[in-house]
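Each value in this text was obtained by applying a stated rule to the coordinates, not by laboratory testing. Since we're looking at a predicted model, the values are computed, not measured. With ideal geometry, Cβ positions are generated from the backbone for all residues, glycine too; neighbour counts draw on all protein chains shown.
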Amino acid sequence: MSKPVPKLPNQFLPITKDVLKETVLKAKDWAILHGCSMRSKNNYSEDSVQISPFNLLPSSFPRREFNKVVELQTVFNELMHRVAHDREFVEACFKDTIQVDEFTGNLFKIYETVQQEGVSQEITVGLFRSDYLLHSTSNNNLKQVELNTIASSFSGIGTYMTQYHRYILQELGHFDKIKNLPDNDALTGSSQGLLDAWKLYGNPDSIIVFLTEEVTYNICDQRLHEFEISKLNPEVKVLRRSLTDIHDRGSINSKGELIIDNDIVGLVYLRVGYEPDNYPSKKEWDARLLIERSKAIKCPNIQYHLVGQKKVQQALAKSGVLERFLTDPKKIEALREVFVGLYGLEFDEFGDQAVQMALDDPERYVLKPQREGGGNNLYGKDVRDFMLKVKDTKERTSWILMERILPPSETGYMIVPGGPNPPPLSETVSELGIFGVLIGDPQKIIVNKQVGHMLRTKAADSDEGGVIAGFGALDSPYLID
């Protein structure tokens, strides 16, 4: 990917070499001491962590666009809730994909099973994150990249990054600029959302289970939520368990309650389950079905999980579809303003047109696997090469074609584990995530809130941006007019 031509101004450069080196040392220590860290993939140890990659200085971001999507989050929450409870629409979205994507097919089998048997727990809770990029070819308006409905990470560390950038601006003498860092209470907001849902379970002796990997690298972001729940309500017991643990130690009693060892589970918060690697054997799939069959409240349940996939995002972008779920024309228009072109690759007239668009102008599009979790996207020449390979096979229906968003760049310093001091100046681009909490049932919405934000920044010439994967860095938006 070539560097975008437009640029946003950096408000804090230049910094002299001596000041920069000292500031980086302070910044790294602040990050470690406040949980902006993770375990090393190369030298894993339960006894140590390293800094999470982060931006030394906050990145400029248009105030009008930030405020717009903050206000829009509750509309997206409502939309996803209504979509998740529309069985006909969900089934239509996945009818082709499940024929060629085994992983999504297995998730869909669980969905079908609980729908046919009858949903044991109608209360649902979603911790959502809607991700956006500024689009330089449309006056730097924000465009939605995706909406995450499972394991929407970094509300914990993201909250502390806001505090970090306030500290570092203060250290550099920018006292007058701290006011342009927006408040961020994502950690408390999301943790309170889990507690509010747990209370609706109605058993004060029940526990909350965090469903996690056997080995967790993003340990601090997860633990921050556990510790915040304990702070908000010390009487609630929180346990970390894997899908394998659930299979080996879990059961459903005659009342439909999920029992792990001797504890009744009131709520399961899934931080895993969205990648094929999370299910190494049939045992893990059986465990996921066990959870879904139980009366425990799920965050997310299988419906919410499915509607976070790209195939649903693509279907919602079609003309006239939003009107199926929302009645307020202003809300519908506001959502459409942040959509980009999304195209399915089914074997019909529209799918064939999308295939031809990708072949004719591959630089204009991104090919995305439809499942949630990010990564594995194809760009530029790879779009055309892959499309030529799959255009006559069913495999193409498990991908979507998305208009490529071209964000403006900014100059800054990315701090990475083991990196040099002073760090080099880099051209970077940033992706904004807005967090939302929704609690409801098929008949009503009980809680609908926007609870905070996070910012990920990556090198402008990088196509991927995952922090844990090593491509991106945590950041904060510095609002400019």
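Of the beta bridges DSSP finds with both residues in the chain, what % are antiparallel, to the nearest 5? Here the share of antiparallel DSSP bridges comes out near 75 percent. The overall shape of segment 282-353, judged from the alpha-carbon gyration tensor, is oblate: a/c is not under 1.5, and a/b is no greater than b/c.
Each Lys and Arg contributes +1 and each Asp and Glu -1, all at the Cβ; summed about the Cα centre of segment 141-245, the dipole is approximately 180 debye. Descending by average beta-carbon neighbour count within 10 Å, the peptides 40-52, 424-436 line up as 424-436, 40-52, the highest first.
Note on residue 330: lysines with a C-alpha under 28 Å away, same-chain residues under 8 apart excluded, are 68, 143, 310, 311, 318, 444, 449. Each 10 Å bin from zero up to the one holding the largest Cα-Cα distance in the chain carries the following percent of pairs: 4, 20, 30, 27, 15, 4, 0.
Based on DSSP H segments of at least four residues, each scored -39500 (n - 2.57), the chain has a per-residue ellipticity at 222 nm of -11500 deg cm²/dmol. In this Cβ point-charge picture (+1 for Lys and Arg, -1 for Asp and Glu), the chain has a dipole of about 580 debye about its Cα centre.
With +1 on each Lys and Arg Cβ and -1 on each Asp and Glu Cβ, how big is the dipole of segment 187-254 about its Cα centre, in debye rounded to the nearest 20?
120 debye
Across segment 190-327, counting alpha-carbon atoms alone, Rg and Dmax equal 16.4, 51 Å.
Remark: relative contact order (segment 137-289) = 27 percent; criterion is Cα-Cα distance under 8 angstrom and separation of 6 or more residues.
Note on residue 283: aspartates and glutamates with a C-alpha under 12 Å away, same-chain residues under 8 apart excluded, are 245, 248.
Placing unit charges on the Cβ atoms of the charged side chains and taking the dipole of the chain about its Cα centre, the candidate lying farthest along the positive direction among 254, 42, 390 is 42.
Starting from the Cα gyration tensor of segment 325-462, take the square roots of the eigenvalues, sort them a ≥ b ≥ c, and report rounded, prolate or oblate (rounded when a/c is under 1.5, otherwise prolate if a/b is larger than b/c, else oblate). Note, shape of segment 325-462 comes out oblate.
Taken over segment 220-263, the convex hull of the Cα atoms encloses 90 Å³ per residue.
Let me check against my output: what whole-number percent is the relative contact order of segment 1-132, with C-alpha pairs under 8 Å and at least 6 apart?
Dividing the mean separation by the residue count of segment 1-132 yields 16 percent.
Size check on segment 133-254: the Cα extents along the three principal axes, sorted descending, read 59, 35, 30 Å.
With a cut-off of 15 Å on the backbone N, the residues of segment 384-422 near the modelled label site 7 Å out from residue 68 along Cα-Cβ are 406-408. List the aspartates and glutamates whose Cα sits under 14 Å from the Cα of residue 298, skipping any in the same chain fewer than 8 residues away. Partners found: 122, 196, 257, 441. For the chain, the relative contact order comes to 28 percent (Cα pairs under 8 Å, sequence separation of at least 6). Shape annotation for segment 5-160: C-alpha extents along the principal axes are 66, 47, 32 Å, from largest to smallest.
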